[in-house]
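Right, one structure below, let's go through it.
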Amino acid sequence: TSEETLSFYEAIGGEESFRLLVHRFYEGVAEDPLLRPLYPEEDLAGAEERLRMFLIQYWGGPNTYSQQRGHPRLRMRHAPFVIGEAERDAWLRHMGDAVRSLELPPEREEQLWKYLVYAAHSLVNA
Ligand code: HEM
């Protein structure tokens, strides 16, 4: 199959790449004194799974996220958490480390990163 027919999800390595990305991200969150207290559950495994399923679906992989969670409504789902610029920047710092750890081709990395920056800015609520 030609390159154009692949979803971004497939092109960057499918589920395994998203698993690595989100796992690496939550390793950072687990150690972050600003972000860790925002997460309601003691175990971050559930949050990790939800973000992984969401990103997989967003980038053209299986839509398991919506089957299990319904419409994403990300602004509404983040409303219970105080997200200011500091929280946004901490989130993006861990996500940046995680994105770079994948060592994607520069064009793919930029596409993924632009989306994450845009999405994080759209979720600031304080
Ligand atoms: C859930 C924080 C940005 C996607 C959560 C939760 C917290 C949180 C505390 C609850 C964890 C849980 O599911 O138990 C933040 C902070 C952000 C941020 C501080 C900084 C701006 C983002 C971005 C995305 C995202 C940019 C998407 C690209 C999600 C998803 C869930 C979630 C999919 C699970 C929603 C659900 O199904 O319940 N986030 N988040 N978040 N976040 Fe974020």
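The values are calculated or read from the model by the stated rules, or taken from the named source; none is laboratory data. No experiment lies behind these values; they were computed from the predicted model shown. FYI the Cβ positions are ideal-geometry reconstructions off the backbone, even for glycines, and counts take in every protein chain you see.
Things worth noting here:
- Test: Ala86 is crowded, with 16+ Cβ neighbours inside 10 Å, modelled with pLDDT of 95 or more and part of a helix (DSSP H, G or I): no
- Within the stretch 33-48, the set of residues being in contact (Cβ under 8 Å) with a residue 24 or more places away in the chain and either in contact with a Phe, Trp or Tyr (Cβ under 7 Å, 6 or more places away or on another chain) or crowded, with 17+ Cβ neighbours inside 10 Å (or both) comprises Leu35, Leu38, Glu48.
- Some residue of the stretch 52-63 being part of a loop (DSSP other than H, G, I, E, B) and closer than 21 Å to His121 by Cα: yes
- Sub-9 Å Cβ pairs linking a first residue in the stretch 61-76 that is among the hydrophobic types (A, V, I, L, M, F, W, C) to a second residue that is assigned to a loop (DSSP other than H, G, I, E, B), at least 6 apart or interchain, are Leu74/Leu123, ordered by first then second residue.
For every residue, the table says whether it meets (1) within 9 Å of the ligand (Cβ to nearest atom); (2) over 13 Å from the mean Cα position of the chain (by Cα); (3) buried (at least 16 other Cβ atoms within 10 Å of the Cβ).
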position	(1), (2), (3)
Met76	no, yes, no
Val82	yes, yes, no
His94	no, no, yes
Asp97	no, no, no
Leu102	no, yes, yes
Glu110	no, yes, no
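- Taking the criterion of being assigned to a loop (DSSP other than H, G, I, E, B) and either more than 10 Å from the ligand (Cβ to nearest atom) or of a type in the set (A, V, I, L, M) (or both), the residues of the stretch 112-126 that qualify are Leu123, Val124, Ala126.
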